[in-house]
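Heads up: the structure comes next, in structure tokens.
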Amino acid sequence: MNVIQATLTGVLIGGLYALMAAGLSVTWGVLRIINLAHFGLILIGAYLTFQIATSWHLDPVLTLVITVPAMFIAGAAIQWLFDRLRLTEFNSLLVSFGLLIIIIQVTSNIWSADFRRMSAGTNPYATQSVAIGRLVFPVTTLLAFGLAALVVLAAHLVLRRTFAGRAMRAIAQDRAVAGAFGVDHRRLSVLLGGVVGATAALAGMVFSLSNALTPDTAYEWFGTVFAVVILGGIGEVVGTFAAGILVGVLSGVVSAVWSPAAAPFVLFSAIILALLLRPQGLFAVGGVR
Amino acid sequence: MIRRGGIGLLVAFLVLVAVGAFSDQLGLSSFYLILLGSICFWIAQATSWNILSGYSGYFSFGQAAYVGVGAYTTAVLSGRHGVNFFLTVPLAALLCGLLALGVGAVAFRLGSLRGEIFALLTLAVPFILAAFARINRSVDGGQGTTVPIPEVPDAFGALPQFQYLLALLIAAIAVAAAYAIQHSRTGSALAAIRDAEDVAEVMGVATFRYKMLAMLISGVLGGAAGSVYALQIGFVTVESVFGLTIPLFVIVMGVLGGRTHWLGPVIGAVLIVTLQDRLSSYGLDAWNSIILGGILALLVAVSPDGLYARLRARPLAALGALVVVSGGLAVLNAWGEVLDWLVVGMLVASLLAIVLGSRWATAWLRRGRPAAVPDEAATATADDVTVPGDAAGDAVPAGSAESTVPAGAPGSGAPGDAEIEAGETGASRGADQLGAVLVECRQVARYFGGVHALEDVTLDIRAGELVGLVGPNGSGKTTLINLLSGAFRPTRGVIRLDGRDITRLAPHKIAHVGMARTYQIPRPFDSMTIRDNVAMAVMFGPESLPLNRARPIAEQHLATVALDHLADAYPADLNLHQRQLLEMARAVASNPKVLLLDEALAGLNPAEVDNAVRVVRRIHESGITIVIVEHLLRVLNQLATRLVVLDRGTCLADGEPQTVLNDPAVIRAYLGRQAHV
């Protein structure tokens, strides 16, 4: 029973991992930019949700009306900057590392390094849960999973069915050739940066519902989220979703059966095994690349 | 060989020791000693990072693992188990060395490892260690550990002095190691790995071993410095030693100072630590990370090669700025104290060096002197391709980009007319000298997933042959070259070179048995001069030579391809033809029995083809067996002693060029139904 509960909770939490990783994966796959600042955007999204919900007594989910556009602009601006600097894949890692450090310090200066959490009054989701038999699912994880599934489905459809999606896949495969056939790389990448920023707002909101915030949380996401990106296959949205669930289940079950301390080891070993056996990612079935 | 840098390093060390030893007499407060100690710690860490990440190009984001494990070893052993502090330092170094070897053994075995993946893997290591330390309370008792002050021999004076001298010693060892590595064989190997790793491997550099060596040295130094750091901070917690600020600091220092030179991280560490100290003293701690992050982001975009190169280009301007600004502030004496003046002076000097070295400034300074440099370059490229001592009338200036062959000159018209007519004798001469079987391929196959790139190719190449390998695009020519040189391993089959089974050998070992190759798109080591590019092949060839003995030999090889006058230039200054000649010189310099030329004539104009053909023939006549992949059948018809035709991964024809080219099956597969040769 314990293991079944841990597995199912892991599946749902995996949705949050996938939500955080999807944007990172797509920018890496399509634009060849490893955007560590994405973690910073998620962090800001989470703090904004906390701040707006707390001071204006808004329902935390409704704060998306403000945070999504704000993060869209932030994401687009960062992407515009990357485009201007003409960075290589590797240098993008360094520049965005610098940006991430700045963002974390700024959040720390604004909201202090202490833990911040929405009070039970402003955040009705934290205490609710759905029970099926003896299995209990917190509403926050259901929400995370639902949003992740929605985002992944939408991204998949956009990349497969629409002109912009096909253009992005063309950019991912060969930027120069795509440009020669009239794909406006600049505009598309800024647009994509904006959309990815918007997903950061979603992920931040979901995270703030069930967790206390401190600026350093951004670092704690690193390991798990990159595990998801690499396992899922860089640039593969559906693969990212599957990998998120796998990682969620793996950490959940290992924590429940063995010990939470063992989870990082298992995860790390999983990444290495995956890289050894399937360098293109476990779930690479044909996303943007 | 004693170098200036080494002497400078020794003098600096002695002066700094004297500063520590006589700090009382000099009137230095312990504040300065602690600051100097902190600078020394960061010099050691940044240098440790640079030996791996700067030299080899594999950026590590995991420096905190060494600091953490080093500091924890000392804190836990001496603080909780009463082990002598001086014993814990080598223990910490040992542990970190083992950790580095473990991470390296896993990471560098990954077939798909790229720089980004390495960075992310190393990023994960301190996280995992920190999680381990945080969750297993038995390690540090849960709250962190106080580091007891060791018994210091009286000769070292008070504790601040002792801490400083200890940190200085570690920093000096680290910098000396970085200096020694840079001027050694290992340094050359790491630079080659940074520039073009697989090329280095195929040339004979045991890349895995050198990367592991760099990892090990980096780990040992990082661990020892981390252990001393525990004493410096006095109280060790997970947050203080495993945090992300440590990789941030060392990366910023390396990128700021310059990653390819041993002095780079030293410059970076001095600047960053003093700047941090000043910011803290003015209560701007909250701005520390913001400024550091900003510096990193800006530098990568504006001056990725770092301060060292810029300072070296304009030492006087920078020194002048430092003296004027710091001196000026001191004279005015209106604000701050000595350290403030120094920091402002250093910042201005660095800024000046960066700005003066930037593209806009260079363009602006040169505005009065038009086009002098391009002219020189044009002359250089114009006469380098003419081969000295060759037959009169061959002196066709072919190197410059717009070179159309002068009308009426010999060699105009179809590629290689004059030269190839003369070549018939060369070909038949080669055929007379056929020796024993040198390369044997037995039913070699290579699949890429479901694609059968090569299927049961059986082929013998005898010593002295010049085999032309032809076939339509996608027929498996380059795959065969990659299998022979060891870049890929065959799915099935056996390859022997000189009687030795090389099927499963690492590429650098195949190179030592006697195989060399060139690349269709030339891949020189961009950070090295043309001479050193070739010298690398000599150094890491079958008999290893030191750099200073390899260089004269390299020059001989450059003379063979008529590039000797460009020995001091860098690959970026060469045109395509010259780069391809460089590829050939480099391949020949590794003293091979068999030379594989992968489309060495592709993209050349007719005159350049003539010249390249001449060079190939000269190499062949020097006794090297050659396999050449080429599409110009006219050239191969005359140059090769034998043609092998591949079609869809199988061997379609094999024999005398004339016979093969008249084979109806070959004509159908390669040239289409209607073609005539």
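The values are calculated or read from the model by the stated rules, or taken from the named source; none is laboratory data. Everything numeric here is computed off the predicted structure, so don't read it as measured data. Counting neighbours? That spans all protein chains shown, and the Cβs are built from the backbone with ideal geometry, glycine included. Keep in mind that these areas ignore ligands, DNA and RNA; they rest on the heavy atoms of the full protein, side chains included. Shrake-Rupley method; radii C 1.70, N 1.55, O 1.52, S 1.80 Å.
Explain nothing, just the number: relative contact order of the range B:259-360, from Cα pairs under 8 Å at least 6 residues apart, as a whole percent. List each step's numbers first, then the result.
Values: 72 pairs, mean separation 33.0, N = 102.
Over the range B:259-360, the number comes to 32 percent.
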request  = Calculate the mean, over all residues of peptide A:264-273, of how many other protein chain Cβ atoms lie within 10 angstrom of the residue's Cβ.
outcome  = 3
query = What is the dipole size for the range A:19-218, taken about its Cα centre, with +1 at each Lys and Arg Cβ and -1 at each Asp and Glu Cβ, in debye to the nearest 20?
reply = 500 debye
query = Comparing the chain by itself with all protein chains present, which residues of the range A:189-228 are at least 40 Å² less accessible (probe 1.4 Å)?
reply = A:Tyr219, A:Phe222
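Give me the one-decimal Kirkwood hydrodynamic radius in Å for the range B:473-630, with the sum taken over alpha-carbon pairs.
On the way: mean 1/r = 0.0630 Å⁻¹.
This gives a value of 15.9 Å.
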request  = Using R₀ = 41 Å, calculate the FRET efficiency as 1/(1 + (r/R₀)^6) where r is the Cβ-Cβ separation of B:Gln520 and B:Met212; round to 0.05.
outcome  = 0.85
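Considering only DSSP beta bridges with both partners in chain B, what is the antiparallel share in %, to the nearest 5?
Numbers: 22 of 38 bridges.
Counting only bridges with both partners in chain B, antiparallel ones make up about 60 percent.
What is the interface area between chains B and A, defined as buried accessible area summed over both chains with a 1.4 Å probe, reported in Å² to the nearest 100? Mind showing how you got there, number by number?
Working: alone 29820 and 13260 Å², together 39970 Å².
By this definition, chains B and A bury close to 3100 Å².
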note = The distance between the Cα centres of the range A:85-135 and the range B:118-152, in whole Å, is 24 Å
query = What does the accessible area per residue of the range A:19-218 come to in Å², with a 1.4 Å probe and no ligands, DNA or RNA counted?
reply = 42 Å²
task = Please identify, among A:Pro69, A:Pro60, A:Pro215, the residue showing maximal mean-square fluctuation in a Gaussian network model of chain A using a 10 angstrom Cα cutoff.
result = A:Pro69
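Among B:Tyr55, B:Tyr229, what's the order by accessible area (1.4 angstrom probe), most exposed first? Could you put the intermediate results ahead of the total?
On the way: B:Tyr55 10, B:Tyr229 40 Å².
So the residues, ranked largest to smallest area, are B:Tyr229, B:Tyr55.
So what is the accessible area of chain B per residue, in Å², with the probe set to 1.4 Å?
Values: 28230 Å² over 677 residues.
Using a 1.4 Å probe on heavy atoms only, each residue of chain B averages 42 Å².
Averaged over peptide B:124-135, how many Cβ atoms belonging to another chain are found within 10 Å of each residue's Cβ?
Numbers: counts 10, 2, 2, 7, 7, 1, 3, 8, 4, 1, 1, 6.
Whole-number average of other-chain Cβ neighbours for B:124-135 is 4.
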query = Give me the log10 of I(q) over I(0) for the protein assembly as shown at q = 0.04, 0.09 Å⁻¹, as the Debye formula computes it from C-alpha points; what are the numbers?
reply = -0.23, -1.11
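Mean Kyte-Doolittle of at least 1.0 and a Cα length of 18 Å or more along the axis: which whole DSSP H helices of chain B meet both? Write down the numbers at each step before the final one.
Details: long enough: B:4-21 (26 Å, 2.14); B:30-49 (28 Å, 1.33); B:63-80 (25 Å, 0.53); B:85-107 (33 Å, 2.30); B:115-135 (31 Å, 1.89); B:159-182 (34 Å, 1.63); B:207-233 (38 Å, 1.04); B:263-281 (27 Å, 1.18); B:285-302 (26 Å, 1.83); B:315-332 (25 Å, 2.19); B:338-357 (28 Å, 2.39); B:372-384 (19 Å, -0.29); B:417-432 (24 Å, -0.81); B:547-560 (20 Å, -0.54); B:576-589 (20 Å, 0.01); B:606-621 (22 Å, -0.46).
Within chain B the helices that satisfy the rule are B:4-21, B:30-49, B:85-107, B:115-135, B:159-182, B:207-233, B:263-281, B:285-302, B:315-332, B:338-357.
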ask   = Just for the Cα atoms in the range B:259-360, what are the lengths along the principal axes, largest first, rounded to whole Å?
value = 36, 32, 27
query = Under the definition of Cα pairs under 8 Å and six or more residues apart, what whole-number percent is the relative contact order of chain A?
reply = 38 percent
request  = Rounding to the nearest 20 debye, state how big the charge dipole of the protein assembly as shown is about its Cα centre with +1 on each Lys and Arg Cβ and -1 on each Asp and Glu Cβ.
outcome  = 1740 debye
ask   = Which one of B:Gly283, B:Ser303, B:Val344 has its Cα pushed farthest toward the positive end of the charge dipole of the range B:259-360, where Lys and Arg give +1 and Asp and Glu give -1 at the Cβ?
value = B:Ser303
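Among rounded, prolate and oblate, which fits the range A:82-148 when a ≥ b ≥ c are the square roots of the eigenvalues of its C-alpha gyration tensor, a/c under 1.5 means rounded, and a/b larger than b/c means prolate? The partial results should precede the final answer.
Details: a/c = 4.22, a/b = 1.89, b/c = 2.23.
Oblate, since a/c reaches 1.5 and b/c is not below a/b.
In the protein assembly as shown, carbon and sulfur make up what percent of the accessible area (probe 1.4 Å)? All intermediate terms of the calculation are to be shown ahead of the outcome.
On the way: 25330 of 39970 Å².
C and S atoms contribute 63 percent here.
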task = For the range B:238-310, just say rounded, prolate or oblate: build the C-alpha gyration tensor, square-root its eigenvalues into a ≥ b ≥ c, call rounded for a/c under 1.5, and beyond that prolate if a/b exceeds b/c, oblate if not.
result = prolate
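What is the packing order of peptides B:216-223, A:242-249, taking the mean over residues of other C-beta atoms within 10 Å and listing the highest first? Walk me through the numbers before you get to the answer.
Details: B:216-223: 28.1, A:242-249: 25.5.
Descending mean neighbour count gives B:216-223, A:242-249.
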key: Prolate/oblate/rounded call for the range A:1-131, Cα gyration tensor, a/c under 1.5 rounded   = oblate
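From other protein chains only, count the Cβ atoms within 10 Å of every residue's Cβ in A:101-113, then give the mean. Could the numbers behind the result be given before it?
Working: counts 13, 8, 3, 4, 9, 4, 0, 3, 4, 0, 0, 0, 0.
Mean number of neighbouring Cβ atoms from other chains: 4.
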query = Against the longest principal axis of chain A, how steep is helix A:89-111, in degrees 0 to 90 to the nearest 10, with axes from Cα atoms?
reply = 40 degrees
ask   = Taking the mean number of other Cβ atoms within 10 Å as a proxy for protection, how do you rank A:38-46, B:575-583 from highest to lowest?
value = A:38-46, B:575-583
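Based on alpha-carbon atoms only, what is the radius of gyration of chain B relative to the globular estimate 2.2 N^0.38 Å? Spell out each step's value before the answer.
Working: Rg = 30.1 Å, N = 677, 2.2 N^0.38 = 26.2 Å.
Ratio of Rg to 2.2 N^0.38 Å for chain B: 1.15.
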Dimensionless Rg/Rh of chain A - Kirkwood Rh, Rg from C-alpha atoms = 0.97
request  = With unit charges on the beta carbon (Lys/Arg positive, Asp/Glu negative), name the residue among B:Phe127, B:Leu292, B:Thr207 whose Cα is farthest towards the positive pole of the charge dipole of chain B.
outcome  = B:Phe127
remark   = One can check that the equivalent ellipsoid of the range A:157-280, built from the alpha-carbon gyration tensor with semi-axes equal to the square roots of five times its eigenvalues, has lengths in Å, largest first, of 33, 19, 12
